[in-house]
1. Just name the residue that is farthest from Thr214 (Cα to Cα) out of those in segment 164-198 that are basic (Lys, Arg) and open to solvent by 50 Å² or more (accessible area, probe 1.4 Å).
2. What number of residues within segment 265-289 satisfy the criterion of being loosely packed, with under 13 Cβ neighbours inside 10 Å and either touching a strand residue (DSSP E or B) at 6+ places or on another chain (Cβ under 8 Å) or assigned to a helix (DSSP H, G or I) (or both)?
3. Go through the residues of segment 84-95 one by one and say whether even a single one is part of a helix (DSSP H, G or I), open to solvent by 10 Å² or more (accessible area, probe 1.4 Å), of a type in the set (Asp, Glu) and farther than 29 Å from Glu14 by Cβ.
4. Report whether or not Arg262 is in a helix (DSSP H, G or I) and either in contact (Cβ under 8 Å) with a residue 60 or more places away in the chain or open to solvent by 30 Å² or more (accessible area, probe 1.4 Å) (or both).
5. For Leu204, indicate whether it is hydrophobic (A, V, I, L, M, F, W, C), assigned to a loop (DSSP other than H, G, I, E, B) and in contact with an Asp or Glu (Cβ under 9 Å, 6 or more places away or on another chain).
6. Restrict the check to segment 136-149 and report whether at least one residue is at pLDDT below 95, touching a helix residue (DSSP H, G or I) at 6+ places or on another chain (Cβ under 9 Å), in a loop (DSSP other than H, G, I, E, B) and more than 17 Å from Gly281 (Cβ to Cβ).
7. Out of everything in segment 290-308 that is among the polar types (S, T, N, Q) and closer than 18 Å to Ser99 by Cα, what residue ends up being least open to solvent (accessible area, probe 1.4 Å)?
8. State the number of residues belonging to segment 121-139 that are farther than 18 Å from Asn224 by Cβ and open to solvent by less than 10 Å² (accessible area, probe 1.4 Å).
Amino acid sequence: MRTILHALSYGNIEVEASRRLADIKKLDAMRIFFKTLDTKVYNGNHEVPVRLYFPSEEAMSGDVVEGEKYPVLLFFHGGGWVTESIENYDRVCSRMAQSTGHIVMSVEYRLAPEYRFPIPFEDCYEAAKALYTGRLILPADPDRITIIGDSAGGNLAAAVCLKARDTGDFTPKKQILIYPAVNNCYTEKSPYRSVQENGEDYLLTAVKMEDYLTLYESCAEDRNNPYFSPLMEKDYTNLPDTLILTAEFDPLRDEGEEYGKRLKEAGNHVEIHRISDALHGYFALGIRFLHVQESFDIMNRFLSKGSE
């Protein structure tokens, strides 16, 4: 297994090749069973596509008690801000809707390097603002919206919550960050042991993370911006109840846990769970995979709790 992982953990990021590899996920025989609805929000004049995933036929039909509003997971996909899409995450989001009983709203933010920071972040922020302020056909309950993302999507989720706190445009009550990328350095200068211990031979490498950051940034100064790197924030007060899931053999493990520690020290309600023996990206595996089952068990307990 270590030999296979080493063989797959190669080289730098080549954008088009990486996107073609990611697009293989579109070839999914199960997608015909997904209960979805496509719509859009706007970031200025740009249409940001979003896809809604429903946990049941009843939820999709709209045949509900008058005035009833739904719990929603607002999801930002991973892929280093460079690859992946709504289409590639179809199965993940459908499974998430069914496993949590929530409607999932997945956002097709624009990708780097064609669209660098802050454009992908702003697409996500405007999608969140539209959902929280009732500018979508979806009758969502603002108190039961959870912002969630994996990897680069975890970065975007954390950054959206920071900006919402800073602006007061809306008030997220919960966020779920799945092995989030919240730091700005993956060289030997990184202060996190997981970068040194897991930065090679575990699929996501430190070299690739540096490439992703370089492709995402518009200039070197971006790396000091908290909306680019949430660990650069100085004030962590008044942020949502937070669940952070990290993977044991992931270069991003320690920074995700450090982010949770800072949120907790600032007085926020925070849960941090390290998934043993897991690699970065495990959340996209099948529902029968034990790490995925464990994660949904943790997520459902977190979602069922009231704000503390």
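The values are calculated or read from the model by the stated rules, or taken from the named source; none is laboratory data. It should be emphasised that the depicted structure is a prediction, and the values quoted were computed from it without experimental measurement. A quick note on method: Cβ atoms are made from the backbone with ideal geometry, for glycine too, and the neighbour counts reach across all protein chains shown. The area values use the complete protein model at the heavy-atom level, side chains included, leaving out ligands, DNA and RNA. Shrake-Rupley method; radii C 1.70, N 1.55, O 1.52, S 1.80 Å.
1. Result: Lys173.
2. 3
3. Looking through segment 84-95, none of the residues is part of a helix (DSSP H, G or I), open to solvent by 10 Å² or more (accessible area, probe 1.4 Å), of a type in the set (Asp, Glu) and farther than 29 Å from Glu14 by Cβ.
4. On the way: in a helix (DSSP H, G or I): yes; either in contact (Cβ under 8 Å) with a residue 60 or more places away in the chain or open to solvent by 30 Å² or more (accessible area, probe 1.4 Å) (or both): yes.
Considered against the rule, which asks whether it is in a helix (DSSP H, G or I) and either in contact (Cβ under 8 Å) with a residue 60 or more places away in the chain or open to solvent by 30 Å² or more (accessible area, probe 1.4 Å) (or both), Arg262 comes out as yes.
5. Judged against the criteria, Leu204 is a match.
6. Yes, segment 136-149 contains at least one residue that is at pLDDT below 95, touching a helix residue (DSSP H, G or I) at 6+ places or on another chain (Cβ under 9 Å), in a loop (DSSP other than H, G, I, E, B) and more than 17 Å from Gly281 (Cβ to Cβ).
7. Ranking the candidates gives Ser295 first.
8. 7
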